[in-house]
1. Choose one answer from A:GLU53, A:GLU33, A:GLU224: the residue with the largest mean-square fluctuation in a GNM of chain A with alpha-carbon springs under 10 Å.
2. What is chain A's relative contact order, in percent, from Cα pairs under 8 angstrom and six or more apart in sequence?
3. In debye, nearest 20: dipole of chain B around its Cα centre with unit charges on the Cβ of K, R (+) and D, E (-)?
4. State which entries of A:LYS260/B:LYS57; A:LYS164/A:LYS197; B:LYS54/B:LYS163; B:LYS23/B:LYS178; B:LYS33/B:LYS61 exceed 26 angstrom in Cα-Cα distance in the structure shown.
5. Local charge sum around B:VAL112 (other residues, Cβ-Cβ under 13 Å, Lys/Arg +1, Asp/Glu -1)?
6. Angle check, please: helix A:122-133 long axis (alpha carbons) against the longest principal axis of chain A (alpha carbons), in degrees 0 to 90, nearest 10.
7. Could you tell me the relative contact order of chain B? Use alpha-carbon pairs under 8 Å, at least six residues apart, and round to a whole percent.
8. Excluding ligands, DNA and RNA, what is the solvent-accessible area per residue of the protein assembly as shown at a probe of 1.4 Å, expressed in Å²?
Amino acid sequence: MENIYKPELVEILDVIDETPDIITFKLKFKDPEYHKEFNFLAGQFAEYSVFGEGECTFCIASSPTRPDFLECSFKAAGKVTNAMRRLQTGDTMGLRGPYGNYFPVEEMKGKSVVFIAGGIGLAPVRCVIWNVLDLRDQFKDVTIVYGARSVADLVYKRELEEWKQMPSVKTVVTVDPGGETPDWNGEIGFVPSIVEKVAPNAENTVAVICGPPIMIKYTMPVLEKLGFKEENVITTLENRMKCGVGKCGRCNVGNVYVCKDGPVFTYKQLKELPEEY
Amino acid sequence: MQAMKQFITTDEKLRQLVHALSKNAWNIISAGKEGTNFIYINDGKDLVINADSKPTKLSAKEFFFPKTEPLFFYKKNHDGVDLLDPKDVLRKTVLFGVKPCDAAAVPVMGKVFNWDYKDEFFNRRVEQTVIIGMACSYSDVYCFCTSTGLSPESSKGSDVFLKPAQNSSYIAEAVTPKGEAFVVEFSSFFDAANENDVKLLLNSPKGPEKKFDANQVKQWLDGHFEDPLWNEVGETCLGCAQCAFTCPTCHCFDIVDESCGYNCGRRVKNWDGCQFGLFTKHASGHNPRGHQPERYRQRISHKFKYYQDKFGEILCTGCGRCTRGCPVGIDIAEIAQEINKRNSVLV
Ligand SMILES: Cc1cc2nc3c(=O)[nH]c(=O)nc-3n(C[C@H](O)[C@H](O)[C@H](O)COP(=O)(O)OP(=O)(O)OC[C@H]3O[C@@H](n4cnc5c(N)ncnc54)[C@H](O)[C@@H]3O)c2cc1C
Ligand code: SF4
Ligand code: SF4
Ligand code: FES
């Protein structure tokens, strides 16, 4: 009998502390054949298990262009994520996926891309960022605007530095007023106003945005003012999920199953849905 | 006459059939006595075949979608974890006395369990089970099957369908190939029905009095996600989810781990309900359906709109259980009637 709820086993190769409560796991399937055949696209998610604790949903935070291992970054928020926090290199977890739809990276080729992220919202966006940067010559301008509450809350710090060093990428990192340290040399201000200041050109450009609802709410009018059309602004939803495969009835927004028809939506699509996310 | 294969059997023969099934190691499940639940039986005298009886408290869905179903077992060892599929061998099962509103729910639920990924836990139970449906001559103020496209004589979802005839006999239709194979396998309990036999059929039951127009309900729902009605009907709901647990078509579930000690345990699927406040709550604390009226809107919309948009079926068979058991008297059919009224005012 085919068992769609049974995960594959993965081994934790590395544990990286991003912030006091966000951790990144580097994972590899225990079965090398399975690992070789595992394909996914930027924006898809998976169900991760700690046996005896349960399952939870995270995006795959690494890029499909780097298939040697998978990464997920998670915030210790509840039962399973706190159990994950206690795991170490060499421990075994379960993973099933990839599930859901993906960012239209193919359609973004030949265009400019603006990435806007807040807090742990950089996780799903980072997947597309590396996807785009690994194929850099197929895209026009690349801009990254990332913000967190404080310097300590910035995730992927080493990569933020790496992106800043790349001449082909414009990277702007900001922290909320009061969140800076004495030696902070980035921007100070909320993401929406920094986007306004950076003022990316909307011409032939796709914006990928992910972060807390409040950040998205105030960034949207800025993007509109800059001339971005709703169909060119793409985000990803985080409705609570259990099965990930369109069965358990938990993730729906109107007649859309976020786990199957999403989690990636354009702003235009979201506007047509009831506000239940 | 339809081309449907028709047979005649009797109360006595059905009881003997139970005996034969039992000898052949079938799982035999019968509707329980008035107002109780389905029961496992081994003896023909325990069979309840009564077209007049009130629907069981719980629907028949638990035989396809159990309250708790193990998905796999895990065992931790030195260098990792072993995962084992559930090894239970399902016995061939027969369900007697299933009402049209319960039987029809099986193919309706089958849509969501098969629209893309296939839930074989559900499918294998359906495959192993012969559903013997029976025409229903009960009706009370709660049921409304005729408003959901069904009737007291609808054989949707049944493999074999019985209609009461005179002298404690029944006309049995083999509705599906599985039902036909069953009748053939146990042919000593079913005789081919001739025209005279069919004349013995009792009058068709008149069906429930409660009625509404489900198409119009859908039309209204298409345009009224925001509406004062939701506060009016949802405010008194306690969020107990009795309605979901007794419903033959509600299929939401949770997935949780149950450990026995540190080293081993199992992952199970449990019934869940969209009326619970935590159902959609994010880890951040944000809740897309944070208030009961929003959750009640989800229940009605899923039943009469979303499921139709997605799968072309109404997610309700009109069994009336949700209303019959609601501790605060929320009546789904009255809400549908109210929606009909509002629709006609608008037109
Ligand atoms: C598509 C998608 C992608 C995602 N990507 C990421 C990602 O990349 N990184 C990330 O960190 N997160 C991500 N999430 C969110 C992540 O799935 C959740 O944070 C995670 O599932 C929490 O699991 P948990 O078992 O630790 O929390 P749970 O223990 O399930 O608890 C979660 C919250 O539910 C509430 N709750 C649960 N039970 C109770 C109770 N009995 N009483 C009161 N309140 C209760 C609490 O508010 C609690 O904080 C994503 C979600 C989706 C849908
Ligand atoms: S049974 Fe009644 S009170 Fe309980 S959740 Fe359903 S509608 Fe609400
Ligand atoms: S919604 Fe109510 S009436 Fe409809 S099938 Fe479910 S329990 Fe029966
Ligand atoms: S997560 Fe189960 S239906 Fe979407």
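1. Ranking A:GLU53, A:GLU33, A:GLU224 by mean-square fluctuation puts A:GLU33 first.
2. The normalised contact order for chain A reaches 18 percent.
3. Around 220 debye, computed over chain B.
4. A:LYS260/B:LYS57, as the Cα separations exceed 26 Å there.
5. Value of the local net charge: +4.
6. 70
7. Here the relative contact order equals 21 percent.
8. For the protein assembly as shown, the solvent-accessible area averages 42 Å² per residue.
The values are calculated or read from the model by the stated rules, or taken from the named source; none is laboratory data. Keep in mind the model is a prediction, meaning the values are calculated, not measured. Glycine gets a Cβ as well: all are built from the backbone with ideal geometry, and neighbour counts include every protein chain shown. The area values use the complete protein model at the heavy-atom level, side chains included, leaving out ligands, DNA and RNA. Shrake-Rupley method; radii C 1.70, N 1.55, O 1.52, S 1.80 Å.
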